[in-house]
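Participant: Quick one: this structure, given as structure tokens, is what I'll be asking you about.
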Amino acid sequence: MEHIEVKGVKVPFLRLFDACGLVSIKLVWQASGVCEDGVVGETNFAAKVLEEGVFGREDFHKELEKRAIELNVNYDFETFKVELVALKEFAGFALNSLAELLQKPNLKEEIFDKVRRNVISNIKLKRLNFGKLSQKKLKEMVFEGNLAKEFLGTEAEVERFGEAEARSVLSRLDLANLHVSASGEMESETLKTLEKTLANLPKGERRVLGKFALKSTREVRRFKEETTQSFISFAAPLCVSEEEHHLRALAFYILGAGGFGSRLMEEIRVRRGLAYSVGGRSVWHKSYQLFRGALQTKNESAEEAMAATREIVRAFVEGGVSEFELESAKKSLCGSEVLANENIFSRASLRESGYYNFGDEEAFAKRFKKIASANLDELNAFVKRQICLNELGFVAVCG
């Protein structure tokens, strides 16, 4: 692991691949996403303001466009990310542009007004999507704190957002919580420019990312809407260690993530005809983990479909999986390794994700090897430990 020392802070620097004429530089701030919002929606607002600040300054945007430089701002619950992609000869210019954007963000009222309108429009659109509404209600049921809320915020809150909220989020972009990953041909001058860009950031203090557990619930909540179909979301707690990452992938591929070969799809749609679509997968993050899924069915089939889902999950935990299911899952997951490594940037993304989640750039490469060598006894022992899956909770948006 390399480091770039800036202002006495050793910033982790992942040099992922260098055999490429393009350069991708990603700045990732940990414990800097929605988890840090005083009012949920601030991170989304600030990310949009930062991105809109590029397009809102015509001269700035034209210079980037002329050189085919991509500048993307993203966030999630845990992190805030800025990524640059440029030809290697323009990497230095791209970094200087980023430094300018971070030092002098375009915090004008017309930018805030445009972002507020766009965010509120997205909030209203999501309200009309009954599948999204079901997922939103599920989050409210199974989580507490910021994870229970819509990351976009509410209309009333977004209407009040302005410079104070944007600056509050941007103040998290410091050195203490940063790591940098780079792919492509990083010339020495580009590295020097990167160091200068980072020198503009405040030192900050290391933040600790909390752990968030699901409420243990077997509750079923129903919401009436004008719809001819039922949109059902479900979730249950998980307790999976880092060492069980490969077993998690296999088990939940078999249960619900494997499409038509999965237990949920085979039982609920194919055999019983209770759903138009159904699936479930495990979600593993540093701060939280859960099993979640969704199904869509006729209003008159909603209760039977939820009961069947609970029954199938219970039978899965109690009975484990078959040798045939294990071998089929191995073939599919190991076959997907080719797609996961199809280009230099997808390989880089896997390595960066391995570092962030497990402190090991090779974590996903090792996972594929562990999947290939997993045996039935260890997988079934893992499945039978997941008794928390029986705490399945449901939210149904029905007509």
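Participant: Within segment 252-304, can you find the residues that are touching a Cys at 6+ places or on another chain (Cβ under 8 Å) and surrounded by 17 or more Cβ atoms within 10 Å (Cβ to Cβ)? Explain how you work it out, then say what you get.
Facilitator: Residues of segment 252-304 touching a Cys at 6+ places or on another chain (Cβ under 8 Å): 287, 289, 299, 302.
Matches in segment 252-304: Gln289, Ala302.
Participant: Being touching a Gly at 6+ places or on another chain (Cβ under 8 Å), at pLDDT 90 or above and part of a helix (DSSP H, G or I) is the requirement here; does Ser353 meet it? If you could, list the steps in order and put the result at the bottom.
Facilitator: On the way: touching a Gly at 6+ places or on another chain (Cβ under 8 Å): no; at pLDDT 90 or above: yes; part of a helix (DSSP H, G or I): yes.
No.
Participant: Take segment 305-317 and flag every residue that is surrounded by 16 or more Cβ atoms within 10 Å (Cβ to Cβ) and closer than 20 Å to Ala396 by Cβ.
Facilitator: Kept after step one, since they are surrounded by 16 or more Cβ atoms within 10 Å (Cβ to Cβ), are these residues of segment 305-317: 305-306, 308-310, 312-313, 316-317.
Those that are surrounded by 16 or more Cβ atoms within 10 Å (Cβ to Cβ) and closer than 20 Å to Ala396 by Cβ: Ala305, Met306, Ala308, Thr309, Arg310, Ile312, Val313.
Participant: Something else now. Could you give me the residue pairs with C-beta distances under 6 Å whose first residue belongs to segment 265-287 and is under 23 Å from His246 (Cα atoms), whose second residue is part of a helix (DSSP H, G or I) and at pLDDT below 90 wherever it lies, and which are 6+ apart or on separate chains?
Facilitator: Sorted first by the residue in segment 265-287, then by its partner, the pairs are Arg281/Ala257.
Participant: Take the residues of segment 82-124 that are within 20 Å of Cys20 (Cβ to Cβ) and of a type outside the set (A, V, I, L, M, F, W, C): which is nearest to the chain's Cα centre (by Cα)?
Facilitator: So the residue we want is Glu83.
Participant: Something else: Can you tell me which residues in segment 14-37 are modelled with pLDDT under 95 and not basic (Lys, Arg)?
Facilitator: Leu14, Leu16, Phe17, Asp18, Ala19, Cys20, Gly21, Leu22, Val23, Ser24, Ile25
Participant: Would you pick out the residues in segment 318-338 that are assigned to a helix (DSSP H, G or I) and either touching a helix residue (DSSP H, G or I) at 6+ places or on another chain (Cβ under 8 Å) or crowded, with 18+ Cβ neighbours inside 10 Å (or both)? Before the answer, list the steps.
Facilitator: Looking only at segment 318-338, we keep the residues that are assigned to a helix (DSSP H, G or I), and these are 318-319, 323-338.
Within segment 318-338, Glu318, Glu323, Glu325, Leu326, Ser328, Ala329, Lys330, Ser332, Leu333, Cys334, Glu337 meet the criteria.
Participant: Return the only residue of Asn390, Asn357 being surrounded by fewer than 20 Cβ atoms within 10 Å (Cβ to Cβ), touching a residue at least 12 places away in the same chain (Cβ under 8 Å), in contact with a Lys or Arg (Cβ under 7 Å, 6 or more places away or on another chain) and within 23 Å of Ser216 (Cβ to Cβ).
Facilitator: Numbers: Asn357 fails: within 23 Å of Ser216 (Cβ to Cβ).
Within the list Asn390, Asn357, the selection yields Asn390.
Participant: Against the conditions (1) outside any helix (DSSP H, G or I); (2) under 28 Å from Cys398 (Cβ atoms), where does Glu361 fall short? Just the number, please.
Facilitator: Evaluating Glu361 over (1) outside any helix (DSSP H, G or I); (2) under 28 Å from Cys398 (Cβ atoms) leaves (2) as the failure.
The values are calculated or read from the model by the stated rules, or taken from the named source; none is laboratory data. All values derive from a computational prediction rather than experimental measurement. Positions of Cβ are generated from backbone atoms using ideal geometry, with glycine treated the same way; all protein chains shown enter the neighbour counts.
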